[in-house]
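Taking it in order: structure first as structure tokens, then the write-up.
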Amino acid sequence: MLTLLLLASPASAFTYTGFAWAPEDYPLTWYMDDDVEDSLPDYDLQGLIQAGWDGWIDATCASLGDTYSGTGDYGSAGNDGRTAFYWDDPGDEMDVGVLGVTYSYPSGAKINIHGIEYDRFGDADITMNNDVDWATPEDFANGTCTGNMTDAEGVLTHEIGHLHGLGHSCEEGDPCQLSELREATMYWSVGPCDHSQADINQDDIDGITGLYGPAGSFSVSDDSNRYGGTPLDVAFQITSDSDVLAARWKFGDGQTSEDINPTHTYETQGQFTVSVSMDLEDAECGSYTYDSSALAYVVACEPPKPEDGADGFFTISHSDGLTYQTSNRTDVTVYGCIDTIEWQVYKGTGEGDITGEPLQRIGAWSPKISFPEAGSYVVVMNVGGPGGLDAGYVVVDAQDVPSEGEGCAVAPIGGSAAGLVLAGLVAGLRRKGRGDRRSGSRA
């Protein structure tokens, strides 16, 4: 299943492809290529595709609809402004293991939905793999789905989810932290004779409603921060075009609240998944429940500390000549709690020499340090994050000898240099990028 752009929803477990249809595009008109060959040649393919469309109609208050406009010889999938279904993999280009592909083409215009900008669909085509042993609804009803047969209706329902603009609930290799995501129609994979993807679940409903129906989202208030040191006070708020009747929050640390816009204090370090089930009421749709969650939405951090089993923040050993290798032992078990690192080198033999301008400043995690000449030096590592700053130091007796030589030593002297050099700390932010592009994914 190919989706051209995969963007994480800002406050949901499901994902979006980055494409969406405008309200006036619905009902979506679709066609079916008449070159079927050996892919279910004796089956009602129009009815099978229609079942895939109908699977999404039950989505809460999403304005969906489709119109079938017949068959024809359409060649192959392409950006011709016509949404078509192909059963014989034009060009036989699919990789082994790929069940279906959704090709999405932008119109060149943008569309804003619930404050999020998407590329407006201009066209979308779905191609099924003709090398797959397809199972029909009758196979499941009669118990004749055997071996490695794959549910055609379930794959079509999944691909039509992409055609509406939904991404995968989880990707290949993703641990898929929430069990309901593995049960969603938009899960990335489907097993032999598995009919479950023909029925959308709550995550699918929340995703499609978030695109095409009234929905709600949550965020932190303007004067709050979801990334900081403990104790971290976070003020949450719900935003919706519907009336918010009630809310049930889970903050990820075992605590809950039924306030609509609660404030919660995170006392311990960690990345916390936040979720809320909100009862909404809309003039056209009536009352409904909308669930939203965000993985690792809050990051609360304690002051830096060495990792378990370490005597200090770092060790240092001789490499070659006057070059020594550091080994950073800072605890990084909670991603995002260390974002600042600077090494400083001073001439001297102890803590009292950590004054004035250092000989070197290095912004790396575990750098090699080359001393200018033989002698005693104090190497300081400054480390910080939202939870605070700290530092450690080691005294090095630097000697210009080969790596296999004798006599190079690191003095067993060290300690915390906090308060001595942190005033000169230079921030070296290290953040992992979160955005990425996907060119394809397997069903």
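Readers should treat all values here as calculations from the given coordinates under stated rules, not as data from a laboratory. Predicted, not measured: the structure shown is a model, and the values here were computed from it. FYI the Cβ positions are ideal-geometry reconstructions off the backbone, even for glycines, and counts take in every protein chain you see.
Computed quantities for the displayed model
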{"item": "Anisotropy class of segment 194-234 from Cα gyration tensor, a/c 1.5 cut", "result": "oblate"}
{"item": "Proxy reagent accessibility, fewest Cβ within 10 Å first, across Val401, Val334", "result": "Val401, Val334"}
{"item": "Nearest 10 degrees, 0 to 90: helix 45-54 Cα axis against the chain principal axis", "result": "60 degrees"}
{"item": "Distant-in-sequence amide H partners of Gly122 (H built 1.01 Å from N, under 5 Å)", "result": "Tyr105, Ser107"}
{"item": "Pairwise Lys count, the chain - Cα closer than 27 Å, eight or more residues apart or different chains", "result": "6"}
{"item": "For the chain, size of Cβ-based charge dipole, Lys and Arg +1, Asp and Glu -1, in debye", "result": "2480 debye"}
{"item": "Spatial separation of Cα centroids for segment 75-134 and segment 186-258, in angstrom", "result": "28 Å"}
{"item": "Prolate/oblate/rounded call for segment 7-212, Cα gyration tensor, a/c under 1.5 rounded", "result": "oblate"}
{"item": "Protection-proxy order for peptides 209-218, 164-173, 39-48, each taking the mean of Cβ atoms within 10 Å per residue, highest first", "result": "209-218, 164-173, 39-48"}
{"item": "Farthest positive-ward along segment 170-250 dipole, Cα basis, beta-carbon charges - from Pro231, Phe218, Val244", "result": "Pro231"}
{"item": "Dipole of segment 7-212 [Lys/Arg +1, Asp/Glu -1 at C-beta], most positive-end residue of Ile200, Asn129, Tyr43", "result": "Ile200"}
{"item": "Ranked by how many other beta carbons lie within 10 Å on average, peptides 107-116, 17-26 from highest", "result": "17-26, 107-116"}
{"item": "GluC sites (Glu not before Pro) lying in DSSP loop within segment 277-375, provided at most 14 other Cβ fall within 10 Å", "result": "Glu284, Glu307, Glu373"}
{"item": "Exposure proxy ranking, count of Cβ atoms within 10 Å, fewest first, for Asp223, Asp259", "result": "Asp223, Asp259"}
{"item": "In segment 239-348, the chymotrypsin sites (Phe, Trp or Tyr not before Pro) that fall in loop regions by DSSP, at most 11 other Cβ within 10 Å", "result": "Tyr335"}
{"item": "Order of Trp188, Trp365 - criterion: other Cβ atoms within 10 Å of each residue's Cβ, fewest first", "result": "Trp365, Trp188"}
